[in-house]
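To keep things clear, I will list the structure first and then write my remarks on it.
Every number here is computed from the coordinates shown, using simple stated rules; none is lab data. Bear in mind the structure is a predicted one, so any value in this text is a computation, not a measurement. Ideal geometry is used to build each Cβ from the backbone, glycine not excepted, and the neighbour counts take in all protein chains shown.
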Amino acid sequence: MSRIISIIRAVTSGLLLMTFMACASNAPSRFYVLSSLPGTDVGPEMASDKHRGTIGIVPVELPAYLDREQIVTRVSANELHLAGFDEWAEPLDDNFTRVLMENLSVLLSKDLFTIFPFRGTESIDYQVEVEVFRFDGGLGGDASLITRWSIFGEDDKKLLLTRKSSFKEATGGPGYEALVAAQSRAVEALALEIAGAIKGLSGGR
């Protein structure tokens, strides 16, 4: 009798596990993108600046642990977690690069922004390169962005400035949407720093 009961329990456990896996596989995935600055959010001192020139953006270089569809959260200094059903809607390096360019175009009101590979015969006045060391956070905690960025002039022939920057933004909520919104604000903060540096290099024109 005890053997029969054990078999029944094993079969029941197996059925429950299969049911759970089936339900999990049918759970809907959620997709996210970073957001850029609206044009109306530019301060008067930035909006009035009309720099005449071209800025080239080299695609942002991300660490390998972010090269995946799932959103990565940080559990501790040494432990990361991959979301089960919360994913980036496009490759994160493409999304990051485009949003950074959109933010800079709002903050600097340049005539032209372009992403590498650069096309056309017009020369590049400033070229921006960004290497990301960390871009993650904890649900309900903070989003962190650590980067090293450089600005080149004279069509990538001269290094004008290089700097390491660190940003932290509170999520203000427990879910992935709040985390991605905080990550977007961190990219905005990076864009503000780069825009300020370009304004300084161009003499505030």
Backbone N under 16 Å from the GLU131 label point (7 Å along Cα→Cβ), restricted to the range 138-167: 146-152, 159-166
Give me the extension gain from ARG163 to LEU112: residue separation times 0.36 nm, minus the current Cα-Cα distance, reported in nm with one decimal. 16.0 nm
Quick calc, the range 29-201, dipole around Cα centre from Cβ unit charges on Lys, Arg (+) and Asp, Glu (-), nearest 20 debye, gives 380
Classify the range 29-201: rounded, prolate or oblate, from the alpha-carbon gyration tensor (a ≥ b ≥ c, eigenvalue square roots; a/c under 1.5 rounded; otherwise prolate if a/b is larger than b/c)? prolate
